[in-house]
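One structure below.
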Amino acid sequence: MPRPAFILRRQLPVWLIPSLWTLALGLWGLSRQRSVWRDEAATWQVAQRPVTDIWHMLGNIDVVHGLYYLLMHGLFACFGPGTTTLRLPSVLATAVAAACVTVIGHRLAGAWAGLAGGLAFGLLPAVQFYLQDGRSYALVMAGAGIATLLLVTLLQGRGRTACWAAYGSMVLTCALLNWLALLILPAHLATLVWTKAGRPTLTRWAAAATAAVAATLPLILFSRSQSSQVAWIAPLTWHMLIGPAVLLAIGSLGAWWDRPRAARLSVAAVGLPLLAVPQIGLVGLSLIQPLFLDRYVLFSMLGLALLIGAASGAAVRSIRPRFPRGASWLVPVMVVVAVAALLPKSLATRSPASRVDDVLSAAEEVRQLRRDGDAVLFVPAARRDTALVSPEDFAGLQDIALADSPVASGTLEGKEAGPDQIRTAMLAQRRILLVTDAHKVVRSVLAERDKVKTAVLNEHFTVVADERVRGRRVTVYERREDPRTRSRT
């Protein structure tokens, strides 16, 4: 029976195994029981608009996601809207990122380090969460992996001018998907300094990096005018730093395992800056404006996987002299143990409860509770995404607060009428369905029109049905009879 190392060397490219492994992890439970959460709902409804309407919307909101929306528009046009079309790009992108981790680890620390790093990458909890998410973060991660592989290729003397152009283009693509991806540049600069790259290499890197930043600068400046859309992000606190601190500790341990290697270009030189610098950079930016969300620097998980791979490869090398046969089975056994340990987390990530809410389940409740001629309200207005993603479930309902549709207004949720107009429209209804969050919405954060909605419902209507499902709440109100009318009768 051939040993695993023989199989790796002679029959399959090393990078193919982690790619297929990650692809299988991504396809496992891809629909999440046919659930779609609010961020994915934005992708779903915007991607179905004509390009001109998407462009119109980007002038008002979400310009940072413009390239991603246009990409998804093309995919929805070709394959139709659905959870598979929505999430498969993230699955494929993560498989590409896993291949990049494997190739880098293989080149710098051997086949077992590359294989272990690539397999570990798909198992990281943060990666598993966004592996099946209909947003751009996995695509940025894939681009960052390709850019890092190109940099390693150049530092190994394998690339030429065209490779530098490809590197700059890939960094630019990542930045256009999310301009915080530019935090990969200081990470790569740290690698160049660590490896004592020569002046010609530094000059070429600076030219590529400058071109990428310059091309992204208009997007950065314009997106600042839309900064209100991230106003909900909480200011940085000490407990937010616990997660990054743990990751850095694990990464430092992996770098320590990699220390015996004599080559200046090592996994530690590439992986540790890639893990640490974007995290530290995001913390620094969050001191200016709250922006600290792990998904904005998800690509830093590439560095963590590289360091885990380096530690695993070092462990294989250390036990091989004493247990030559057992050493070949160390990485497979470690993967099996990791899968078993992370199985509860993996199952939870693939359930609808893993996200803050589920738009489609709320739409299903509306379909069951509605009657033709009923009115519908949304508190806050952003919960209108329920109707935008599944309009057939709202057929026959009057959206009495809506003044301009999302497409016409160039927004995600549309523009609503003023408080007085909404109050008048509500008082003319017999039954109103309210779609809101399952948890109590803090009154201080509601718009004035939303406060009017809740006040009129409490004063003039009675609850006849109330359903909470997967983070959303659908309540049916019926108009109370006026006491004066009842006394006259």
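The values are calculated or read from the model by the stated rules, or taken from the named source; none is laboratory data. Given the structure is predicted, the values throughout are model-derived calculations rather than measurements. Cβ atoms come from the backbone with ideal geometry, glycine included; neighbour counts cover every protein chain shown. With ligands, DNA and RNA removed, areas are computed over all heavy atoms of the protein, side chains included. Shrake-Rupley method; radii C 1.70, N 1.55, O 1.52, S 1.80 Å.
Some notes on this structure:
- Considering only alpha-carbon pairs that sit under 8 angstrom and 6 or more positions apart, the relative contact order computed for the chain is 17 percent.
- Crossing angle, helix 448-460 versus the chain [Cα axis fit, 0-90 degrees, rounded to tens]: 50 degrees
- Note on the chain: Rg/Rh from C-alpha atoms, Kirkwood Rh, equals 1.05.
- Per residue, the chain exposes 45 Å² of solvent-accessible protein surface, assessed with a 1.4 angstrom probe and all protein chains in place.
- DSSP-defined antiparallel bridges as percent of all bridges, the chain, nearest 5: 70 percent
- Equivalent ellipsoid dimensions for segment 31-88 as semi-axes, Å, which come from the Cα gyration tensor, largest first: 20, 13, 8
- Pairs of C-alpha atoms in segment 388-487 farther apart than 15 Å represent 69 percent of all such pairs.
- Long-range amide H partners of A465 with built H, under 5 Å: V476
- Note that segment 1-132 shows a convex hull volume over its alpha carbon atoms of 135 Å³ per residue.
- Unit charges on C-beta of K, R, D, E only; dipole of the chain, Debye: 1840 debye
- Over segment 71-182 - Rg/Rh using Cα atoms and the Kirkwood inverse-distance radius: 1.02
- Dipole-positive endmost among A382, G122, T43 within the chain (Cβ charges, Cα centre): G122
- Taking the chain as the region of interest, the number of lysine pairs whose Cα atoms are within less than 22 Å, with members eight or more places apart or on different chains, is 4.
- Percent of Cα-Cα distances greater than 16 Å, calculated over segment 344-425: 58 percent
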